[in-house]
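The values are calculated or read from the model by the stated rules, or taken from the named source; none is laboratory data. Fair warning: this is a prediction, and the values are worked out from it, not measured in the lab. Cβ atoms come from the backbone with ideal geometry, glycine included; neighbour counts cover every protein chain shown. Each accessible area value is taken on the protein alone, full model and side chains, heavy atoms only, with ligands, DNA and RNA left out. Shrake-Rupley method; radii C 1.70, N 1.55, O 1.52, S 1.80 Å.
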Amino acid sequence: MRGKFITLEGVDGAGKSTHVEWLADQLRSRGHKVFVTREPGGTELAESLRSLMLHQPMSALGETLLAFAAREDHVRRYIAPALEAGTWVVCDRFTDSTYAYQGGGKGIDAQAIQTLSQMTHPTVNPDRTLIFDCPWEVSQARIRSGRRVLDRFEKEGRDFFERVRGAYLQAAQHEPARIRVLDATQPVEAIRAMLIQELAAL
Ligand code: TYD
């Protein structure tokens, strides 16, 4: 049987990365083989494209094309074969990020993103997407407490953040069967309880 594809999404600073490995362990304890990965990234080529996207100045279209170049390599070489083999895949960000950041955040046409996504991964789409949602103030506090070098997206201002957040919430409204929004301001234990509930039905 084909594996399930689960993606974690959300604004920067919502803390989703904290839950990726824990979530994978939960699924393993249910007897699944699980592959954990991230975007942009997951292959040598895609990780190189990730550092360009996150740190080199470029246009919104450039970001979109790099995101899909990275994704094409990642899906073809790892994600699609894993799912085919029955392995569950947990991916930290996927195409919903491109709709939210390059589409909602930077005005790239959603139709164009849809065309690229159909060309890049026509048969690979998330079975469940968990969006970690939080307000600007919480995001900022978490990003700034990390004391590491901020990437291009983390340096954006509040307007950009609100457009990205709005795009995610709108996507969740359009696809309630696939996309679930989690209140990322809740304590970790409460979020984990919600994650278990969301995955029970898969
Ligand atoms: P993120 O996943 O938040 O990693 P970290 O926790 O290490 O900061 O960083 C990836 C950034 O890339 C994030 O700001 C969103 C951005 N991004 C896009 O703009 N478009 C995309 O298609 C993807 C996958 C990510």
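The selection criterion, being at positive phi and open to solvent by less than 60 Å² (accessible area, probe 1.4 Å), holds for ARG93. Tell me whether the range 22-31 contains one or more residues that are over 17 Å from ILE6 (Cα atoms), polar (S, T, N, Q), assigned to a helix (DSSP H, G or I) and open to solvent by 10 Å² or more (accessible area, probe 1.4 Å). No, the range 22-31 contains no residue that is over 17 Å from ILE6 (Cα atoms), polar (S, T, N, Q), assigned to a helix (DSSP H, G or I) and open to solvent by 10 Å² or more (accessible area, probe 1.4 Å). Take the conditions (1) in contact with a Leu (Cβ under 7 Å, 6 or more places away or on another chain); (2) not in a helix (DSSP H, G or I); MET194 misses just one of them, which is (2).
Taking the range 20-55 as the range and being on the phi < 0 side of the Ramachandran plot, in contact with a Lys or Arg (Cβ under 7 Å, 6 or more places away or on another chain) and within 12 Å of the ligand (Cβ to nearest atom) as the test, the residues that pass are ARG38, GLU39, PRO40, LEU54, HIS55.
Taking the numbered list (1) within 12 Å of the ligand (Cβ to nearest atom); (2) closer than 20 Å to ARG38 by Cβ; (3) open to solvent by 50 Å² or more (accessible area, probe 1.4 Å) in turn, ILE143 passes all entries but (3).
Taken together, ARG180, ARG192 contain a single residue that is open to solvent by 30 Å² or more (accessible area, probe 1.4 Å), of a type outside the set (S, T, N, Q), within 16 Å of the chain's Cα centre (by Cα) and under 17 Å from LEU27 (Cβ atoms), which is ARG180. If you go through the range 97-111 and keep only what is open to solvent by 30 Å² or more (accessible area, probe 1.4 Å) and either among the aromatic types (Phe, Trp, Tyr) or under 21 Å from ILE6 (Cα atoms) (or both), you end up with just TYR99. Checked against (1) open to solvent by 10 Å² or more (accessible area, probe 1.4 Å); (2) closer than 23 Å to GLN170 by Cβ; (3) touching a residue at least 60 places away in the same chain (Cβ under 8 Å); (4) away from the ligand (no atom under 14 Å from the Cβ), TRP88 passes all but condition (2).
The set of residues in the range 56-74 being in contact with a Gly (Cβ under 9 Å, 6 or more places away or on another chain), more than 8 Å from the ligand (Cβ to nearest atom) and closer than 21 Å to SER17 by Cβ consists of HIS74 alone.
Residues are listed down the side, and each one gets a yes or a no for (1) among the aliphatic types (A, V, I, L, M); (2) under 15 Å from the mean Cα position of the chain (by Cα):
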position: GLY10; (1), (2): no, yes
position: VAL20; (1), (2): yes, yes
position: ARG38; (1), (2): no, yes
position: GLY42; (1), (2): no, yes
position: ARG50; (1), (2): no, yes
position: LEU54; (1), (2): yes, yes
position: ALA69; (1), (2): yes, no
